[in-house]
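Chemist: Before we start, here is the structure in question, set down as structure tokens.
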Amino acid sequence: MSVSLMADDPNPENLESSVFRINQRVHAAGDSLRVGTVKYIGQVEGYTGIWVGVDWDNEEGKHDGFINGSRYFQAKSETSGSFIRPNKLCLGITILQALEIRYRSTSTKEEEDEMYVLSSSNKRVIVELLGKDKIEDRLSHFEDLTNASLPYLGISSPGPPGQLNAAVPSLKELDMTGNLLSEWMDIGAICKELPALSALNLSNNILAHDILGFPQVKEIRILVLNSTGLSWTEVETLEHSLPTLEELHLRGNKLSSIKSIPPSITVQGFDSLLLLNLEDNCISDWNEILKLSQLRRLEQLYLNKNTLNKIWYPDHGNNHQPFQNLRCLLLGSNNISDLASVDSLNSFPSLVDIRLTDNPVTDQRKGGVPRFSLVARLAKVELLNGSEVKTRERKDSEIWYVRLVMSKLHDNPEEIQYHPRFYELKDLHGIEDVRTAVGASGPQKMASGLISVTLKCIGASIGEKPPQTKKLPANTTVGKLKILCESFFKLKSIKPVLLLQEEGSPFPVLLDDDDMASLIEVGVGNGSTILVDEER
């Protein structure tokens, strides 16, 4: 829907509305952070004059485009739409105008007086801008500017041809997050004006789905398209225009599939791509991710905050080895719950950096396994959940893991099928089978060895007590250790809570979920530190 108005219309409100078009990006006058999309232009029953219906990005509107029994447009949520007078909206500015605002505007005395930090006594300490004159002098020379950050300044166009190139010919990195850009012809014009540009951030600009007028850009190596509303099919259209692209970021685009045109089993092209960020999307099927397996140079794949529930390494026959150069795979905050998915990561030929946090398989409150079990299962991992796996941690983890499996095999020999590295690790560390002893009541399982544990009190009511190091059977239960702590530290009327200070983990792990679990099952091994807190 659109409105056609004559240039000689005597009503100034009509003249103002004539510059708007459907799907145009705008922001509220005086507030460039409040950005939205024009969805309607015209009259509203019961109100005089011309109105612009806007669907706000932040969803802080009043309705969904339906008002007083009539639907004027369909907003994305029940409260993201509103009607605004044309003079209350801004159509945007050029990049050069934004550069002037960002880098050449000077702060007033009043503004500088408002720059302060709070001291430890909650008093204001005025911040003095050291070297302010030198900085302003340097930024006034746009021809030397190589990096520009222009988020949420209402940029809607590149400006007249030649103007941007003359002003900032050396610009290499440009951040235009949250502006009013939507047409690919405008983005192409910006790239033409900036021949040295190698990194471009267009996040939170709602971009057109028809990618037209975008030229081949040989210098762009990093392209950030987070929350731009683009599908994979549309992104793939850009491939021929970006022959040297090394990083592609597509966070928050509601992607659920990797569909190519024409349909293909695997994604082709992107021959220079080293990093692909697909975080915070809606991908649930690992088969969609396998379509990326022939990106031969791909080293980093970010899949945090999707809905994946299983992963596996594909059979490849005589084809090129899938994910042959992938070194980093981030899978945090998904729905992975099975250990077979974890074990499959060993098949990736180059994978050494893995993230599995916030998945059921690593959540011990939901039956997940502790860090030591992950380290033991993942033969090549060097960085797990952001923490380095050092040689000592790997050795200890593998020994604890083997002993844990051995303790389970007595009652359930079939358990071995879920531990593909067991025999390899058992031989590697020369661990003998668990012996049995015959007592008056028949055969009994011996403990799989003693482990040295350091106990430290941290509870406020417990008081200062020196740490104690104890040697305990590895099959001691969490509940038994709580009772022992009451004795060791002479705790009266204080119910202890135990936390494992796990190596490589920034926070201690609560051991309070299953009192019947053995120490080795919850990840306590030789040299572990257990914190003794109090129940609150």
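Chemist: Determine the sum of side-chain charges near residue 202: Lys and Arg each +1, Asp and Glu each -1, restricted to other residues whose C-beta is under 11 angstrom from that of residue 202. Could you put the intermediate results ahead of the total?
Modeler: Working: positive: none; negative: 175, 186.
Surrounding charge for residue 202 is -2.
Chemist: Same structure, new question: Can you give me the P(r) profile for the range 202-285? Cα pairs, bins 5 angstrom wide beginning at 0, each as a whole percent.
Modeler: 3, 14, 25, 28, 22, 6, 1
Chemist: How charged is the neighbourhood of residue 177? Take every other residue with its Cβ under 14 Å from the Cβ of residue 177, and add Lys/Arg as +1 and Asp/Glu as -1.
Modeler: Values: positive: 25, 102, 251; negative: 57, 173, 175.
Taking every Cβ under 14 Å from that of residue 177, the sum is 0.
Chemist: Relative to the present Cα-Cα distance, how much length would full extension add between residue 460 and residue 287 at 0.36 nm per residue of separation?
Modeler: On the way: separation 173, 0.36 × 173 = 62.28 nm, distance 5.15 nm.
Length gained, residue 460 through residue 287: 57.1 nm.
Chemist: Post the alpha-carbon centroid distance, the range 143-162 to the range 236-257, in whole angstrom.
Modeler: After rounding, the separation between the Cα centres reads 22 Å.
Chemist: With a 1.4 Å probe and all protein chains left in place, how much of the accessible area of the range 300-350 comes from carbon and sulfur atoms, in whole percent?
Modeler: C and S atoms contribute 41 percent here.
Chemist: Once you've got the Cα coordinates, tell me which of 380/470; 380/426; 254/291 are over 26 Å apart.
Modeler: Working: 380/470 33 Å; 380/426 17 Å; 254/291 18 Å.
Over 26 Å apart, Cα to Cα: 380/470.
Chemist: Less than 11 Å Cβ to Cβ from residue 221, Lys/Arg counted +1 and Asp/Glu -1: what total charge do the surrounding residues give?
Modeler: With Lys, Arg at +1 and Asp, Glu at -1, the neighbours total -2.
Chemist: Then there's this: Do me a favour and compute the ellipsoid semi-axes for the range 151-199 from its Cα gyration tensor, root of five times each eigenvalue, largest one first, whole Å.
Modeler: Values: eigenvalues 54, 31, 20 Å².
Taking √(5λ) for each eigenvalue gives 16, 13, 10 Å, largest first.
Chemist: Still on this model: State the extension gain, in nm to one decimal, for the chain segment bounded by residue 433 and residue 196, taking 0.36 nm per residue of separation less the distance between their alpha-carbons.
Modeler: Answer, rounded to one decimal: 78.8 nm.
Chemist: Probe radius 1.4 Å, ligands and nucleic acids ignored: give me the carbon and sulfur share of the accessible area of the range 176-282 as a rounded percent. Please list the in-between numbers first.
Modeler: On the way: 2280 of 4300 Å².
Using a 1.4 Å probe with all protein chains present, the range 176-282 comes out at 53 percent carbon and sulfur.
Chemist: Kindly report the accessible area of the range 336-414 per residue (heavy atoms of protein chains, probe 1.4 Å, no ligands, DNA or RNA), in Å². Kindly include the intermediate steps, with their values, before the conclusion.
Modeler: Working: 3320 Å² over 79 residues.
Value returned for the range 336-414: 42 Å² of accessible area per residue.
Chemist: Calculate, for residue 163 and residue 21, the FRET efficiency according to 1/(1 + (r/R0)^6) with r their C-beta to C-beta distance and R0 22 Å; round to the nearest 0.05.
Modeler: 0.40
Chemist: Quick one: P(r) of the range 197-352 from all Cα-Cα pairs, 5 Å bins, percents rounded to integers, in order of increasing distance.
Modeler: Whole-percent P(r) values from 0 Å outward: 2, 9, 18, 23, 22, 14, 7, 4, 1, 0.
Chemist: Report the Rg/Rh value for the range 346-439, based on alpha-carbon coordinates and the Kirkwood definition of Rh. Mind showing how you got there, number by number?
Modeler: Values: Rg = 14.4 Å, Rh = 14.4 Å.
Expressed as Rg/Rh, it is 1.00.
The values are calculated or read from the model by the stated rules, or taken from the named source; none is laboratory data. Worth saying up front: this structure is predicted, and the values here are computed from it rather than measured. When we count neighbours, we look across all protein chains shown, and the Cβ atoms used for this are built from the backbone with ideal geometry, even at glycine. Just so you know, the surface numbers come from the protein's heavy atoms only, side chains and all, with ligands and any DNA or RNA stripped out. Shrake-Rupley method; radii C 1.70, N 1.55, O 1.52, S 1.80 Å.
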